[in-house]
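Accompanying notes for the structure given below.
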Amino acid sequence: MKVGNINKIAVMGAGDMGHGIAEVALLAGYKVTVRDIEQRLVDRGLSRIKESLGKLLEKQKITDENKRTMLANIETFVDIGESVTDVDLVIEAVPEIMDLKRQVFQAVDAAAPSHAILATNTSNMSVTDIASATKRPGQVVGMHFFNPAVLMKLVEVIKGEKTSEETMQLTYDLALKMNKVPVRVEKDSIGFVYNRVNAPTAILLRQIVEKGIAAPEEIDARMKKVGMPMGPYELMDYVGLDVAYYGALYFADRLSSEYQPASWLKAKIDAGELGKKTGKGIYDWSKGRPEIDLSKAKEDFDPTVLIAIQVNEATKLLEEGVVKSADEIDKAMVNGGGAGFGPFQLARGIGYDKLAKICEDLAQQYGVTVFKPTETLKQGNI
Ligand code: CAA
């Protein structure tokens, strides 16, 4: 199958990512079905799509007629089988719990047409493990969007062990048709590119709170003052503390126990304080986006430490052959979030030896092996 044969796309899950992905598919002119486990969740997803299309209309990015056509192109379901009977591609965006994802893939595989491609929007998890719940692993692929899906340009296209080249190419072409910037992830590796490069940052952010080095707002204010659109803790709330928590558990299980989530994060999950989506997380979101008080910035926090551990982790992706080049990593990092430059572009300006020294010091100060500089970082010249 080629991308031109795709007419109808199903999205499993109408939450933060699901509704956004469905909207992206509608904007690209596709017919779309959206499915969630309860009618009220489906309705909420639909109203969020309408709200976001309303913003685009206000800014004259779409016309009133475009909006009407898109709303006529969407159908909603609670029954999983009914939602996929006549679709050409399915994108799963259910919570980051492997058993749940496998159950959804099994059900979708049983009901979707045999030609349909099944994509997962998993943030971190093995595409190969998800694909093994189906009888068509060659047609299963990772298609990882970033939050908010309608604005963020990156789509990671991830090759599972059995994903065919035809499926990879089709998914890549589909991302282009959706006006996104696709990056090929050649190896099914935890966290893929964007989340893997950012993962050690979460270890540092956890330690900063646990050791009382700074409060979240002090770090967020500092990072906003140096030009980040959101501080790192605010971003955790924005994406969802549940996503951060389950991601950390998965990293801890598969990569290093140092990724184990903080006890304060677990307490927030247990209390149902998941961030923006529940109105409370690290910040209070009940009245909208929190106001970060820039006067609280921790001025002696050096943002270069975050760059150093990101560049270091990025070199691991090169060593492991997860992506083809440093440029591809930079492309992913610039288009997945609000950063103006990729880690290697920054590293060339700062100097690899300086970054390696920072990583060495951080590894010692916090007793974290993940921060240790790689040989590639120490050698530089990337
Ligand atoms: N639909 C349509 N328009 C939207 C929108 C939506 N869902 N959300 C925001 N906008 C629009 C706003 O209306 C606003 O428009 P104007 O400038 O015309 O007023 C514009 O986008 C900017 O929004 P805000 O003024 O509210 O705030 P902002 O300037 O900070 O931008 C943001 C918001 C684009 C989200 C920006 O803060 C940002 O880039 N944040 C970083 C996001 C990020 O890093 N995402 C990646 C997360 S990691 C991930 O997703 C991976 C994973 O696997 C978990």
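The values are calculated or read from the model by the stated rules, or taken from the named source; none is laboratory data. Keep in mind that this is a model prediction, so the values were computed, not measured. Note: ideal-geometry Cβ built from the backbone for every residue, glycine included; neighbour counts use all protein chains shown.
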Before we move on, is residue 323 under 19 Å from residue 360 (Cα atoms) and either assigned by TED's automatic domain parsing to the domain that holds residue 15 or touching a Leu at 6+ places or on another chain (Cβ under 8 Å) (or both)?
no
The correct count of residues that are within 16 Å of the ligand (Cβ to nearest atom) and not polar (S, T, N, Q) in segment 318-342 is 14
Kindly indicate which of 317, 265 is modelled with pLDDT of 95 or more and of a type in the set (A, V, I, L, M, F, W, C).
317
Expected single match for more than 12 Å from the ligand (Cβ to nearest atom), at pLDDT 95 or above, closer than 26 Å to residue 26 by Cα and acidic (Asp, Glu) among 173, 188 is 173
Assigned to a helix (DSSP H, G or I), surrounded by fewer than 20 Cβ atoms within 10 Å (Cβ to Cβ) and of a type in the set (Gly, Ala, Ser): does that describe residue 227?
no
Looking at segment 28-56, I want the residues that are closer than 21 Å to residue 100 by Cβ and in the same structural domain as residue 75 (by TED's automatic domain parsing) and have a partner that is more than 11 Å from the ligand (Cβ to nearest atom) and aromatic (Phe, Trp, Tyr) with Cβ atoms under 9 Å, at least 6 apart or on another chain. Which pairs are those?
33/77; 34/77; 35/77; 36/77; 42/77
Under 6 Å between Cβ atoms, at least 6 apart or on separate chains: pull out the pairs that start in segment 279-294 with a residue that is over 15 Å from residue 216 (Cα atoms) and end on any residue that is among the hydrophobic types (A, V, I, L, M, F, W, C).
279/285
Do we have residue 168 as out of contact with any helix residue (DSSP H, G or I) (no Cβ under 9 Å at 6 or more places or on another chain) and in the same structural domain as residue 21 (by TED's automatic domain parsing) here?
yes
Residue 237 vs. criteria at pLDDT 95 or above, touching a strand residue (DSSP E or B) at 6+ places or on another chain (Cβ under 6 Å) and outside any loop (DSSP other than H, G, I, E, B)
yes
For segment 127-158, name all the residues that are more than 11 Å from residue 91 (Cβ to Cβ), touching a strand residue (DSSP E or B) at 6+ places or on another chain (Cβ under 9 Å), within 16 Å of the ligand (Cβ to nearest atom) and not in a helix (DSSP H, G or I).
146, 153, 154, 156, 157, 158
Residue in segment 295-310 that is buried (at least 23 other Cβ atoms within 10 Å of the Cβ) and in contact with a Cys (Cβ under 6 Å, 6 or more places away or on another chain) present:
yes
Please return the ranges of helices (runs of 4 or more DSSP H) entirely within segment 1-116 where 1 or more residues are within 16 Å of the ligand (Cβ to nearest atom).
16-27, 39-58, 64-72, 98-111
Tell me the residue from 209, 243 that is within 15 Å of the ligand (Cβ to nearest atom), in contact (Cβ under 8 Å) with a residue 24 or more places away in the chain and among the hydrophobic types (A, V, I, L, M, F, W, C), please.
243
Given (1) within 12 Å of the ligand (Cβ to nearest atom); (2) under 22 Å from residue 15 (Cβ atoms), number of the condition residue 268 does not satisfy:
(1)
